[in-house]
1. Suppose we filter region 1-52 for residues that are of a type outside the set (Gly, Ala, Ser) and assigned to a loop (DSSP other than H, G, I, E, B); how many remain?
2. Considering only residues that are at pLDDT 85 or above and over 17 Å from ARG123 (Cβ atoms), look in region 33-46 and name the one that is surrounded by the most Cβ atoms within 10 Å (Cβ to Cβ).
3. Provide a single number: the residues in region 129-167 that are open to solvent by 90 Å² or more (accessible area, probe 1.4 Å) and of a type in the set (S, T, N, Q).
4. Identify the residue in region 98-115 that is open to solvent by 50 Å² or more (accessible area, probe 1.4 Å) and either in contact with a His (Cβ under 8 Å, 6 or more places away or on another chain) or under 12 Å from ILE55 (Cα atoms) (or both) and, among all such residues, is modelled with the lowest pLDDT.
5. Starting from residues that are exposed (fewer than 13 other Cβ atoms within 10 Å of the Cβ) and in a loop (DSSP other than H, G, I, E, B), keep the ones in region 66-97 and report whichever is modelled with the highest pLDDT.
Amino acid sequence: MLIQIDKLKRRPRQIAIDEQAADFTVLHDRVEEGTFLFKDKIHGTLEAAWAGDIIEVSGHLATTVTSPCGRCLMPVTEQLDVPVLLCYAGLDDGGELTVAEDVELTNEELGLIPYSGPEIDLRPDLAQEIIMALPQQTLCKETCKGLCPVCGCNLNQERCKCAPPVFHAGLAALKNFKTEK
């Protein structure tokens, strides 16, 4: 997924994405950890356009991802729709961004991604966008009861016969603790 800068200066470029998650190193690592499983390819369309000193890449990516429920560990499958807006600015010979100085915001505040050379590899930045869109805490349902802390059975599927956990008596005083507002 390389963008040729010289070709982009002449006209905008449409980029069709149809890649396996394993093609993205960071996503492959998440799959290997067992955190997420990508059920489908990552697909979508992007448009790269030259806008003055900035190269803008915009569009959408979509895929289906499975992750364990945060309470009962049952697999939960979700559709992931990722809006993409990446802005690249070239580096000059001194390592400074080549954006006009009349802008009041700094380059970091603008969220510009520096590049150098005749082409830009979109793969690492697209992987980062997908990582940021992954769910932080997946639940199979809002009323998920989770796992029994003693025997580990799924409380959504069966009742366990374990005694409720006994809390340390020294912490009982905290039950009535009230803070002043």
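The values are calculated or read from the model by the stated rules, or taken from the named source; none is laboratory data. Fair warning: this is a prediction, and the values are worked out from it, not measured in the lab. As a convention, Cβ positions derive from the backbone with ideal geometry for all residues, glycine included, and neighbour counts pool all protein chains shown. Only protein heavy atoms, including side chains, enter the accessible area calculation; ligands, DNA and RNA are left aside. Shrake-Rupley method; radii C 1.70, N 1.55, O 1.52, S 1.80 Å.
1. Taking region 1-52 as the starting set, the residues that turn out to be of a type outside the set (Gly, Ala, Ser) are 1-15, 17-20, 23-33, 35-43, 45-47, 50.
Cutting the leftovers down to assigned to a loop (DSSP other than H, G, I, E, B) gives us 1, 11-12, 20, 24, 35-36, 39-41.
Residues meeting the conditions: 10.
2. Of all residues in region 33-46, those at pLDDT 85 or above come to 36-46.
Next cut, over 17 Å from ARG123 (Cβ atoms) only: 36-37, 39-40.
Working: PHE36: 21, LEU37: 15, LYS39: 13, ASP40: 13.
Looking at residues that are at pLDDT 85 or above and over 17 Å from ARG123 (Cβ atoms), I get PHE36.
3. Here is the first cut: in region 129-167, the residues open to solvent by 90 Å² or more (accessible area, probe 1.4 Å) are 132, 136-137, 141-143, 145, 149-150, 157-159, 161, 164, 166-167.
Retained after the next criterion (residues that are of a type in the set (S, T, N, Q)): 136-137, 143, 157.
Adding up the residues that qualify gives 4.
4. Here the answer is THR98.
5. ASP92
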